[in-house]
1. Could you work out the per residue convex hull volume over the alpha carbons of segment 1-140, in cubic angstrom?
2. If you line up the long axis of helix 16-27 against the longest principal axis of the chain, both from Cα atoms, how many degrees apart are they, to the nearest 10?
3. At a 10 angstrom cut-off on C-beta neighbours, averaged per residue, how do the peptides 124-136, 225-237 rank from highest to lowest?
4. Give me the aspartates and glutamates in straight-line cross-link reach of residue 300: C-alpha distance below 19 Å, same-chain residues under 8 apart excluded.
5. How much accessible surface area, in Å² rounded to 10, belongs to the heavy atoms of residue 241 with a 1.4 Å probe?
6. Over the chain, what is the relative contact order in percent, taking alpha-carbon pairs closer than 8 angstrom and at least six residues apart?
7. Percent of Cα-Cα pairs more than 16 Å apart in segment 3-83, please.
8. Once the convex hull of the alpha carbons of segment 112-189 is built, what does its volume come to per residue, in cubic angstrom?
Amino acid sequence: MEIAVYSTASTAAAQRAAEWSRVIADTYFPLQLTYRDPGSFSGELERRQMGQVSLSRLATAPMQYERHARDIAHNNPEEYLVTVPRRGPVDFSQMGREVRCAPGGLILERGDEPYRFSYTQPNELCVLKVSRPMLLERLRDPDRFCAQAIDARSGLSALLVSMMGHLQALSAAESHAANVLGRQIVEVLALALDERSGPEDAGAMSAVRAGHLRRAERVIRQNLSNPALSPEFVAGQCGISKRYLHELFGDTDKTVAQFIREERLIVARNEIAASQGLALAEIAYRYGFSDQAQFSRLFKAQFGMTPSDWRRRARSAG
């Protein structure tokens, strides 16, 4: 686990604002910072890198962070921030929504969309940074939860916040568990957000249709290594017609076949990283890819690298 610590106490007062802007850009992404009093500004930040996920704690004087369209390049990584205020409320606006979030709550922010974030009193924040593709693998349309003050005092949201707090206490000596813990906290995040799903979150979909779709997605994920997995199989397991199943997925941006293929690629990728002894062809066959060349081509299109490149990367990270 990579741990980085920074404090303005080691920087001359005249350079603190510029140095803090650099630290914030390095930890999250470039932001425009406004200080109530640049000359007396103070801030502390501690970051833990856990595989593809980072967890940070920062404590600062009152300030404002803005993400402008000009700061967002087309090739910037798509990322979400989950922010938990500890000492006082924060104000956040994005996608035409404005919200105030007090301690006991959390906010989901999309990093590749403009936003404004501020607090008027000294504050402490706990921030989880997750890539958008990583969250999309586990949760459909996370944007519907952005710019909401999510109650984190009970249920899975409370578990998520508690887990973030415990992970902040891990030492560098426990780095062997970092990648696993990083993946697990994203799983908890997805479950916590999905717990809030309701008819209003599903857009035009009724509660019944949303329930059928979630059940179909669950059947697919539970049968990824089943050679019989197909739209007919899923419809039968859910007790609905194949035509209705296709209509349900018509409410999303994927067909049934696309969803099955992408979920199989995701689980195959995880197994490639975890099972160093298994041949790539064996893993591909296990999840319905009988053509090794096709598997490699689809894998690279989905994740930006070949299965063998992914395995080498996983070995070097381990």
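The values are calculated or read from the model by the stated rules, or taken from the named source; none is laboratory data. The shown structure was predicted, so the numbers you read here are calculated from the model rather than taken from an experiment. Every residue, glycine among them, receives a Cβ derived from its backbone with ideal geometry; neighbour counts consider all protein chains shown. Just so you know, the surface numbers come from the protein's heavy atoms only, side chains and all, with ligands and any DNA or RNA stripped out. Shrake-Rupley method; radii C 1.70, N 1.55, O 1.52, S 1.80 Å.
1. Convex hull of Cα atoms, per residue: 119 Å³.
2. 10
3. Averaged packing, sorted descending, gives the order 124-136, 225-237.
4. 78, 137, 262, 263, 271, 282, 291, 309
5. My reading of the accessible area for residue 241 is about 60 Å².
6. Once divided by the residue count of the chain, the mean separation gives 13 percent.
7. Roughly 54 percent, once rounded to a whole number.
8. Cα-based convex hull of segment 112-189, divided per residue, equals 135 Å³.
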